[in-house]
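Colleague: Mind looking over this structure? Questions follow.
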Amino acid sequence: MPMKYPEEFIVRTVKQHEAGTPIKDLSLSLNVASSTIYHWVKTHKTVPRKKGEYTPAGYQRLIDHEKKLERQLEVIHLSGCIDLIPPHQRLFVLEDIHENHPEYSVYELCEALDVPRGTFYNHIKRRTDRSQKEAENEQIKLKIRAIFDRSKQTYGSEKIRAALLKEGIHICSKRVSAFMKEMGLESVRTDAKKQYELRRKRDKENIVKRKFITDQPNKIWVSDFTYFEVQGKWMYLCVVIDLYSRRVISYHISRSASKNLVSKTFLNAYRKRGCPKNLIFHSDRGTQYTAKAFVDLLKKLGITQSFSAPGNPLDNAVAESFFATFKKEEAYRRNYTSERSFIDGIANYIEFYNNERQHETLNYHTPVEFERKFGL
């Protein structure tokens with residue numbers, strides 16, 4: 001009958017071998033057959049890890065757990081749930097995880113959601129290029145506005161193009177014209193009478209006329225959007241504010257200043273406030289607000305649209321003031337490490353702005369307190 005050795009003796013012998021003692025020497029010193037010690041080493045050898053070592057039983061549990069995870073992944077892939085997610089959405093999910101969880105490699109991320117690594121790298125490169133292009137466009141717009149103002153609003157797209165060329169910026173007049181239209185800039189033209197009549201018409205469209213005090217909620221809403229650079233990418237924030245209480249009743253964040261940015265923000269506010277009647281919606285003349293789809297949406301809902309005069313930010317001073325306050329009290333004081341941290345920062349600030357920040361125009365009440373006085 002083979003001799004039975006205590007478990008502690010076996011483990012100690014294996015550790016001596018792992019420390020550098022040859023099996024032949026252990027056999028002679030312990031009077032144990034070399035074949036027996038070889039068997040002990042095979043069955044009791046410890047597996048190194050970052051913290052401590054795995055025992056044989058722990059190593060077996062690790063193998064069992066790995067098999068379980070592999071089977072779970074097989075079930076997920078067999079279910080076809082991943083295939084139900086459109087490829088472009090998977091790319092945005094991967095991008096978010098890649099930016100906020102550097103502990104996962106691109107290989108692991110792409111394998112998990114079944115996305116080719118080349119496709120993911122191309123997506124990242126396109127996003128970077130697009131962000132750089134948007135940043136360049138914003139800088140060009142600032143220069144266009146400066147030249148336009150220096151000319152006392154007399155320069156058209158061709159003269160502004162020539163002025164930009166002197167500053168080393170090569171751009172066609174058609175693109176300058178598109179930027180000017182987007183910013184609501186119009187130069188003095190030969191058809192001055194026609195432009196005069198158009199301005200009179202637009203004056204009539206400015207229903208608010210800088211009267212930013214109302215006697216009840218849901219009577220006049222104002223809206224605007226701004227942009228902020230986060231980790232080399234432009235993020236756009238759109239808000240809808242009730243003039244009565246200065247409350248931000250809706251906001252939306254997007255990676256682009258698309259027409260959907262304004263529509264989503266407005267519809268969210270409209271539903272939150274119970275689809276109010278006899279509402280006036282005031283904004284500047286940005287293409288997002290003058291787009292036919294958005295104008296038709298407001299008409300369909302029976303909402304009167306009011307516009308600021310071109311190039312007059314004071315006509316929408318309440319919205320402009322909110323953004324100035326937001327940047328001064330929040331954005332310029334933070335170091336946003338990701339898009340998610342920017343989104344969370346906005347959510348926290350608007351919660352503070354509505355519920356805790358006192359407003360001088362509200363007799364030092366918060367917007368929420370002021371609305372409670374009305375019974376909301």
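Colleague: When you go through (1) at pLDDT 75 or above; (2) over 30 Å from Ile343 (Cβ atoms); (3) assigned to a helix (DSSP H, G or I) one by one for Gly58, which number turns out not to apply?
Modeller: Evaluating Gly58 over (1) at pLDDT 75 or above; (2) over 30 Å from Ile343 (Cβ atoms); (3) assigned to a helix (DSSP H, G or I) leaves (1) as the failure.
Colleague: Quick one: which residue in Gln16, Gln72 is more than 30 Å from Ser341 (Cα to Cα), at pLDDT 85 or above and open to solvent by less than 90 Å² (accessible area, probe 1.4 Å)?
Modeller: Only one candidate passes the filter, namely Gln16.
Colleague: Considering only residues that are farther than 17 Å from Ala291 by Cα and of a type in the set (D, E, K, R), look in region 174-192 and name the one that is modelled with the lowest pLDDT.
Modeller: Per the stated criteria, the residue is Asp191.
Colleague: Whether any residue in region 135-146 is exposed (fewer than 12 other Cβ atoms within 10 Å of the Cβ), free of Cβ contacts under 8 Å to residues at least 40 places away in the same chain and part of a loop (DSSP other than H, G, I, E, B) is what I want to check.
Modeller: No: region 135-146 contains no residue that is exposed (fewer than 12 other Cβ atoms within 10 Å of the Cβ), free of Cβ contacts under 8 Å to residues at least 40 places away in the same chain and part of a loop (DSSP other than H, G, I, E, B).
Colleague: Check off (1) part of a loop (DSSP other than H, G, I, E, B); (2) modelled with pLDDT of 90 or more; (3) open to solvent by 30 Å² or more (accessible area, probe 1.4 Å) for Pro217 and give me the number that stays unchecked.
Modeller: Condition not satisfied by Pro217: (3).
Colleague: Here is a check on your reading of the model: is Lys264 out of contact with any His (no Cβ under 6 Å at 6 or more places or on another chain) and either farther than 19 Å from Asn206 by Cα or basic (Lys, Arg) (or both)?
Modeller: Working: out of contact with any His (no Cβ under 6 Å at 6 or more places or on another chain): no; either farther than 19 Å from Asn206 by Cα or basic (Lys, Arg) (or both): yes.
It is false that Lys264 is out of contact with any His (no Cβ under 6 Å at 6 or more places or on another chain) and either farther than 19 Å from Asn206 by Cα or basic (Lys, Arg) (or both).
Colleague: I want to confirm something. Restricting to region 233-249 and keeping residues that are part of a strand (DSSP E or B) and of a type in the set (D, E, K, R), which single residue is surrounded by the most Cβ atoms within 10 Å (Cβ to Cβ)? Don't jump to the end; show me each part of the working.
Modeller: Going residue by residue through region 233-249, those that are part of a strand (DSSP E or B) are 233-242, 247-249.
Okay, now just the ones that are also of a type in the set (D, E, K, R), so 233, 242, 247.
Numbers: Lys233: 19, Asp242: 27, Arg247: 23.
For region 233-249, the residue satisfying everything is Asp242.
Colleague: Another question, then. For region 334-350, how many residues are assigned to a helix (DSSP H, G or I) and surrounded by fewer than 13 Cβ atoms within 10 Å (Cβ to Cβ)?
Modeller: Final tally of qualifying residues: 3.
Colleague: Kindly check whether there is at least one residue in region 35-43 that is at pLDDT below 85 and part of a loop (DSSP other than H, G, I, E, B).
Modeller: Scanning region 35-43 turns up no residue that is at pLDDT below 85 and part of a loop (DSSP other than H, G, I, E, B).
Colleague: I'd like the full set of residues that are at pLDDT 90 or above and part of a loop (DSSP other than H, G, I, E, B), limited to region 294-321.
Modeller: Result: Leu301, Gly302, Ile303.
Colleague: With the checklist (1) modelled with pLDDT of 80 or more; (2) exposed (fewer than 12 other Cβ atoms within 10 Å of the Cβ); (3) not in a helix (DSSP H, G or I) in hand, flag the one item Lys67 doesn't pass.
Modeller: (3)
Colleague: State the number of residues belonging to region 90-127 that are in contact (Cβ under 8 Å) with a residue 60 or more places away in the chain and more than 24 Å from Ile343 (Cα to Cα).
Modeller: So in region 90-127, the residues in contact (Cβ under 8 Å) with a residue 60 or more places away in the chain come out as 96, 99-100, 127.
Now restrict to residues that are more than 24 Å from Ile343 (Cα to Cα): none.
Matching residues across region 90-127 total 0.
Colleague: Kindly indicate which of Ala331, Ala319 is farther than 17 Å from Val240 by Cβ and open to solvent by less than 40 Å² (accessible area, probe 1.4 Å). If you could, list the steps in order and put the result at the bottom.
Modeller: Numbers: Ala319 fails: farther than 17 Å from Val240 by Cβ.
Going through Ala331, Ala319 in turn, just one is farther than 17 Å from Val240 by Cβ and open to solvent by less than 40 Å² (accessible area, probe 1.4 Å): Ala331.
Colleague: For the structure I just gave you, tell me whether Tyr155 is at pLDDT 90 or above and either under 30 Å from Asn335 (Cβ atoms) or not in a helix (DSSP H, G or I) (or both).
Modeller: no
Colleague: Can we say His252 is open to solvent by 30 Å² or more (accessible area, probe 1.4 Å) and not in a helix (DSSP H, G or I)?
Modeller: Judged against the criteria, His252 is a match.
Colleague: What number of residues in region 341-367 are closer than 28 Å to Asp96 by Cβ and in contact with an Asp or Glu (Cβ under 7 Å, 6 or more places away or on another chain)?
Modeller: Counting residues in region 341-367 that are closer than 28 Å to Asp96 by Cβ and in contact with an Asp or Glu (Cβ under 7 Å, 6 or more places away or on another chain) gives 2.
Colleague: Of everything in region 255-290, what is more than 16 Å from the chain's Cα centre (by Cα) and in a loop (DSSP other than H, G, I, E, B)? Give them in sequence order.
Modeller: Residues of region 255-290 that are more than 16 Å from the chain's Cα centre (by Cα), as a first pass: 259, 263, 266-290.
Once the filter is applied, which keeps residues that are more than 16 Å from the chain's Cα centre (by Cα) and in a loop (DSSP other than H, G, I, E, B), region 255-290 yields Arg273, Gly274, Cys275, Pro276, Lys277, Asn278, Leu279, Asp284, Arg285, Gly286.
Colleague: Considering only residues of region 255-277 that are open to solvent by 40 Å² or more (accessible area, probe 1.4 Å), at pLDDT 90 or above and touching a strand residue (DSSP E or B) at 6+ places or on another chain (Cβ under 8 Å), which is nearest to Asp96 (Cα to Cα)?
Modeller: It comes out as Lys264.
Colleague: Hey, can you tell me all the residues within region 162-177 that are open to solvent by less than 60 Å² (accessible area, probe 1.4 Å) and not β-branched (Val, Ile, Thr)?
Modeller: From region 162-177, those open to solvent by less than 60 Å² (accessible area, probe 1.4 Å) are 162-164, 168-169, 171, 173, 176-177; that's our starting set.
If the condition is that a residue be open to solvent by less than 60 Å² (accessible area, probe 1.4 Å) and not β-branched (Val, Ile, Thr), then Ala162, Ala163, Leu164, Gly168, Ser173, Ser177 are the ones that fit.
The values are calculated or read from the model by the stated rules, or taken from the named source; none is laboratory data. Treat the numbers as computed from the prediction; the structure is a model and nothing was measured. Note: ideal-geometry Cβ built from the backbone for every residue, glycine included; neighbour counts use all protein chains shown. These accessible areas exclude ligands, DNA and RNA; they are computed on the full protein's heavy atoms, side chains included. Shrake-Rupley method; radii C 1.70, N 1.55, O 1.52, S 1.80 Å.
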